1. Among the residues of the range 255-266, count how many are surrounded by 17 or more Cβ atoms within 10 Å (Cβ to Cβ) and over 24 Å from His298 (Cβ atoms).
2. Checking the condition more than 30 Å from Ile424 (Cβ to Cβ) and not β-branched (Val, Ile, Thr), which residue from Glu261, Glu331 passes?
3. In this structure, does Ser145 turn out to be closer than 22 Å to Lys93 by Cα, in contact (Cβ under 8 Å) with a residue 40 or more places away in the chain and small (Gly, Ala, Ser)?
4. For the range 52-98, give me each residue that is of a type outside the set (Ser, Thr, Tyr) and out of contact with any strand residue (DSSP E or B) (no Cβ under 8 Å at 6 or more places or on another chain).
5. Name the residue that is farthest from the chain's Cα centre (by Cα), counting only residues in the range 93-130 that are closer than 15 Å to Asn165 by Cα and in contact (Cβ under 8 Å) with a residue 60 or more places away in the chain.
6. Restricting to the range 133-178, count the residues that are surrounded by fewer than 18 Cβ atoms within 10 Å (Cβ to Cβ), within 32 Å of the chain's Cα centre (by Cα) and assigned to a loop (DSSP other than H, G, I, E, B).
7. Pull up the range 33-54, narrow it to residues that are surrounded by 14 or more Cβ atoms within 10 Å (Cβ to Cβ) and more than 13 Å from Pro3 (Cα to Cα), then point me to the one that is modelled with the lowest pLDDT.
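The values are calculated or read from the model by the stated rules, or taken from the named source; none is laboratory data. Because the structure is predicted, anything quoted here is derived from the model rather than measured. Because the Cβ atoms are built from the backbone with ideal geometry, glycine has one as well, and the counts that use them run over all protein chains shown.
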Amino acid sequence: MVPKDQTAALGDTVYFTCTARGVPKPQITWYRNTMILPPDESIILSDNNQNLTITEISGDDDGIYHCRAENSEGLTEISAFLKVEQNKIIVPKIVLRPEDLDAFEETSVQLPCEYESEPPGNVEWRKNGNRLTTNDRLSITIIGSLVIKNITLADSGSYECSVHNEYGRDTAAAFLTVKNRVVPGEEYINIALTQATRDVDQAIARTVEELFNNKRRAALRFGHSIINPILNRYDENFETIPQGHLLLRDAFFSPWRLVDEGGVDPLLRGMFVTPAKLKTPTQNLNSELTEKLFYSAHAVALDLAAMNIQRGRDHGIPAYTKWRDFCNMTEVNSFDDLANEISDPSVRAKLKDLYGSVFNIDVWVGGILEDQVEGGMVGPLFRCLLIEQFQRLRSGDRFWYENPSTFKSDQLRELKLKTNLARIICDNADNIDTINQNVFVLPEIQEGLMSCDDLPKIDLRYWMDCKTCHDNFDLENNRVRRDIGKANLADQLKENEFMLEDLQDSVNILKSTVKDLRKKVEELEMKINKK
């Protein structure tokens, strides 16, 4: 029998057992780390040292315990690890405090109250001294922040966050001022503006919730099903590098490979010439992710599929059937009703064995098991959620690159026609000079591999501002700028209008000067005639 790794709290009692056979009978000696266990009233050895008992565990008992069996013929040794969990005490402290806030009615606000506390503290929010309870509009996040949805004028007031545990308390307060919306214009303009503002507000306010919580922990994790178990690595001739391809399990926590095994380029080449893992109804995540994940950094390897499911539950994400309702998919009441989306009967049977009720299916599990839509890599549910989320991101981002206030038309045209990931890789990789035109499509499906020199490059002259060129703006650049101006007729016409206005002003000044000169000439002629 060999000793086993153990974890204990302060004050616990721990037992290790170690038996050995041999002729002559071996003598057993116990070591902690590299030292023989010292005599102590809390250390009890019994049954010829085969049993080790440690009472009243303290922090000093943490370490590696070696059981050494030795006789005249030799020795052997086995080890076990004892981890002592020492309870830390942290008096509650609010590290991100709420601040006074002005907001318009019908919007949503969040008052932060992030804290440190050990043991974990209890969070309470009060408004004007009265304790708040959560409801459809009021909620307290897992990190203590207060979220108020669809605020009204009545929500104005002083809000106080209080965090306490058995060792202390910390508080912080802020004042929320809710203002009336001021909407200009006539009635039909008001209606349109109100609706547009509401759409943008909702898009922005729910971006974090939807992207980084619900949909990120569901739809965006479809990518786990197309991860290859092996990372292919190729040199500049697209031959396998001397160190070979890399198992996914060996890639995690191994930054040294970038230094010693060829850098990033071999990995990039492997990615754009190797197909993604084929997802099938009965094979979704490869075993490197479900059985060997982070094995080099954990005593027990992790399971990415199990983590996805648990994270969804931790965040209270609704079940698969709820999201089907959200996407206006057909109603399901039994596992047979899923046949249109999950066509494999054996998969539906496994779901029934695991969940019992169709209403219990986790959204990530249901979504990942759906048949892929034609031309896509996801099923109908994840397609709906991804479209919804990225529409929100675009609508709620005032810096979205297609907005007219972000780039000029000729600049936007350059970006759309001449910017892609292949060009970015060519410009930034160490030694990649051959690539697919579209790195998301295998070379044999398109025009094959091509030289980076044949990829279009952005013409940065479209970003040139001649007003800042001053004396360094030579004739050649001036001609280039004039040519670029022709590409943007509206800008050129506007510049011409300014030039004509300046020219007209100069003409008017000249006319006035000529008129004054003529008048003076006439006066001189009159004086001469009088003489």
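1. Of the range 255-266, the ones surrounded by 17 or more Cβ atoms within 10 Å (Cβ to Cβ) are 257, 262, 265-266.
Cutting the leftovers down to over 24 Å from His298 (Cβ atoms) gives us 262, 265-266.
Here the count works out to 3.
2. On the way: Glu261 fails: more than 30 Å from Ile424 (Cβ to Cβ).
Among Glu261, Glu331, only Glu331 is more than 30 Å from Ile424 (Cβ to Cβ) and not β-branched (Val, Ile, Thr).
3. Working: closer than 22 Å to Lys93 by Cα: yes; in contact (Cβ under 8 Å) with a residue 40 or more places away in the chain: no; small (Gly, Ala, Ser): yes.
The answer is no for Ser145.
4. Here is the first cut: in the range 52-98, the ones of a type outside the set (Ser, Thr, Tyr) are 52, 54, 56-57, 59-64, 66-71, 73-75, 77-78, 80-98.
Those that are of a type outside the set (Ser, Thr, Tyr) and out of contact with any strand residue (DSSP E or B) (no Cβ under 8 Å at 6 or more places or on another chain): Glu56, Asp60, Glu73, Gly74, Gln86.
5. Applying the filter and picking the extreme gives Lys93.
6. So the count comes out to 10.
7. At the first step, the residues of the range 33-54 found to be surrounded by 14 or more Cβ atoms within 10 Å (Cβ to Cβ) are 37, 43, 45, 49-54.
Narrowing the set further to residues that are more than 13 Å from Pro3 (Cα to Cα) leaves 37, 43, 45, 54.
Details: Leu37: 86, Ile43: 89, Leu45: 89, Ile54: 91.
Out of the qualifying residues, it is Leu37.
Conditions (1) over 28 Å from Leu302 (Cα atoms); (2) modelled with pLDDT of 90 or more; (3) part of a helix (DSSP H, G or I); (4) out of contact with any Gly (no Cβ under 7 Å at 6 or more places or on another chain), marked per residue:
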| site | (1), (2), (3), (4) |
| --- | --- |
| Asn237 | yes, yes, no, yes |
| Arg249 | no, no, yes, yes |
| Phe253 | no, no, no, yes |
| Leu268 | no, yes, yes, yes |
